[in-house]
Each structure stands twice: as C-alpha cells, then as structure tokens.
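Written out below as structure tokens is the structure these notes cover.
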Amino acid sequence: MTTAPGHLAVIDMQRVFAEPDSPWATPRFDEAAAGVRRLLPAFGERVTFTRFVAPEKPTGAWRAYYDQWPFALQPPDAPLWELTDEFAAQARHLVDAPTFGKWTPELAERVGPAGRLVLVGVSTDCCVLSTALAAADAGAEVLVVADACAGVDDDSHAKALHVMDLYRPLIRVVTVAEAVGETS
C-alpha cells in the first residue's frame with residue numbers, strides 16, 4: 001500500500017456509537033470501520049484516535065444537551081466511551097474531548113502547521129463535520145474520507161459530505177483509494 005500524506009484522525013470509533021442498542025448507535029458503523037481498517041496501514045504512526053466524553057459538569061448549552069441525553073453523563077472511563085476492541089488495541093495516540101469538534105491543541109500539534117488532516121469515523125454529520133470546519137479554519141488541508149465515515153442515517157451522512165465539499169479547496173471529500181493514492 002502506498003504511504004499516504006498527512007495525519008489520520010479516527011473520530012470517535014467508540015462503543016456508544018457501535019452497539020446497536022445504544023441510543024447513539026450509528027447504523028453504518030461497521031462499514032466506516034472497514035474503511036478505517038484499510039487506511040490505518042498507510043499512515044503508520046501518523047494516526048490519532050479521538051473519543052467524545054461527557055464533561056464532569058455540563059455548562060452553557062451543554063446542560064440542555066445532557067438533559068436530553070442523561071444516559072451519557074458518565075465518567076471518561078465508563079464502558080460506553082471506550083473505543084471498540086479492534087481500535088482500542090491500535091490507539092497509540094488518543095485525544096479525549098467533551099466537544100463535538102476534535103480539533104484540539106493536541107491534534108493540531110500532531111498535524112503540524114499547514115499540515116494535511118485526513119478525517120474518518122463517526123458521525124459524519126456531527127463530530128467529523130465539527131472537526132473538519134475547525135481544522136480548515138485553522139489552516140489545515142482537510143480530507144474527509146466518505147467511505148470511512150458514517151452518519152446517524154444515510155441522508156444526514158450525504159448532506160454533511162455535501163456541505164463539507166462546499167468548502168473546497170479547504171475541505172475535500174475523497175474515497176479511501178484517493179486518500180492513499182491508489183488508482184484501483
């Protein structure tokens with residue numbers, strides 16, 4: 001496999017989004033995971049996994065959010081916040097954030113100034129979108145890998161990809177093959 005340029009951020013491949021009985025289940029999680037599996041070898045050590053975690057005490061608009069989703073007010077070490085087994089074993093670099101966007105100082109440092117950020121994971125229409133917009137605003141070149149992401153449903157996934165693609169050339173929506181430079 002060709003070595004891909006840039007830094008891969010694997011967004012929120014956690015149990016809370018993977019398990020079918022979870023209120024936050026992402027229906028095509030397994031399909032996104034298959035795309036992530038294909039990409040990981042091309043990035044080697046240039047991979048950061050992220051986790052969405054609840055804050056200890058929600059503030060501002062997050063109070064109303066957690067009023068709607070009280071099951072999620074659990075500490076960062078709760079099982080629902082764990083990466084799925086497959087990805088936990090590969091997560092050498094991990095960034096936790098109590099926000100949808102994962103463009104944190106830690107991720108920005110790993111990508112580097114004027115770097116390329118390749119985004120995969122869940123959900124396209126929430127945490128991937130929030131991360132892509134913040135990274136692009138900060139000057140990173142952002143590639144969103146459509147076939148390694150999943151949304152809350154197919155329509156929301158497609159709409160989020162469309163919106164992000166409107167930000168060209170700052171954000172480009174690509175396939176796994178394009179992200180690693182394959183010509184298959």
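The values are calculated or read from the model by the stated rules, or taken from the named source; none is laboratory data. Note that the structure is predicted; figures quoted are calculated from it, not measured. Reconstructed Cβ throughout: ideal geometry from the backbone, glycine too, with neighbour counts over all protein chains shown. With ligands, DNA and RNA removed, areas are computed over all heavy atoms of the protein, side chains included. Shrake-Rupley method; radii C 1.70, N 1.55, O 1.52, S 1.80 Å.
Report yes if Glu109 is of a type in the set (D, E, K, R) and assigned to a loop (DSSP other than H, G, I, E, B), otherwise no. When the stated conditions are applied, Glu109 does not pass them. Of all the listed residues (Ala42, Ala34), the sole one being among the small types (Gly, Ala, Ser), out of contact with any helix residue (DSSP H, G or I) (no Cβ under 8 Å at 6 or more places or on another chain) and part of a helix (DSSP H, G or I) is Ala34. Report, by residue number, each residue of region 47-77 that is in contact with a strand residue (DSSP E or B) (Cβ under 7 Å, 6 or more places away or on another chain) and in a loop (DSSP other than H, G, I, E, B). Once the filter is applied, which keeps residues that are in contact with a strand residue (DSSP E or B) (Cβ under 7 Å, 6 or more places away or on another chain) and in a loop (DSSP other than H, G, I, E, B), region 47-77 yields Val53, Pro76. Might you let me know whether region 137-144 holds any residue that is closer than 26 Å to Glu109 by Cβ, open to solvent by 60 Å² or more (accessible area, probe 1.4 Å) and in a strand (DSSP E or B)? Scanning region 137-144 turns up at least one residue that is closer than 26 Å to Glu109 by Cβ, open to solvent by 60 Å² or more (accessible area, probe 1.4 Å) and in a strand (DSSP E or B). Just one of the listed residues (Thr104, Thr84) is farther than 19 Å from Ala136 by Cα, more than 12 Å from the chain's Cα centre (by Cα) and polar (S, T, N, Q), namely Thr84. The single residue among Val36, Val10, Val47, Val53 that is free of Cβ contacts under 8 Å to residues at least 60 places away in the same chain, within 18 Å of Val118 (Cα to Cα) and open to solvent by less than 20 Å² (accessible area, probe 1.4 Å) turns out to be Val47.
Which of the following residues is assigned to a strand (DSSP E or B) and either surrounded by 23 or more Cβ atoms within 10 Å (Cβ to Cβ) or hydrophobic (A, V, I, L, M, F, W, C) (or both): Val152, Val118, Val128?
Details: Val152 fails: assigned to a strand (DSSP E or B); Val128 fails: assigned to a strand (DSSP E or B).
Exactly one of Val152, Val118, Val128 is assigned to a strand (DSSP E or B) and either surrounded by 23 or more Cβ atoms within 10 Å (Cβ to Cβ) or hydrophobic (A, V, I, L, M, F, W, C) (or both), namely Val118.
Taking the criterion of being β-branched (Val, Ile, Thr) and over 18 Å from Phe17 (Cα atoms), the residues of region 146-181 that qualify are Val163, Ile171, Val173, Val174, Thr175, Val176, Val180. Per the conditions (1) surrounded by 14 or more Cβ atoms within 10 Å (Cβ to Cβ); (2) under 20 Å from Gly44 (Cα atoms); (3) out of contact with any Gly (no Cβ under 8 Å at 6 or more places or on another chain), the sole criterion not satisfied by Gly181 is (1).
Looking at region 1-35 only, could you name the residues that are of a type in the set (A, V, I, L, M) and in contact with a Gly (Cβ under 7 Å, 6 or more places away or on another chain)?
If we filter region 1-35 for residues that are of a type in the set (A, V, I, L, M), which is where we start, we get 1, 4, 8-11, 13, 16, 18, 25, 32-34.
Within region 1-35, Ala4, Val10, Ile11, Met13, Ala32 qualify.
Of all the criteria given as (1) open to solvent by 60 Å² or more (accessible area, probe 1.4 Å); (2) touching a residue at least 24 places away in the same chain (Cβ under 8 Å); (3) assigned to a loop (DSSP other than H, G, I, E, B), the one not satisfied by Pro20 is (2).
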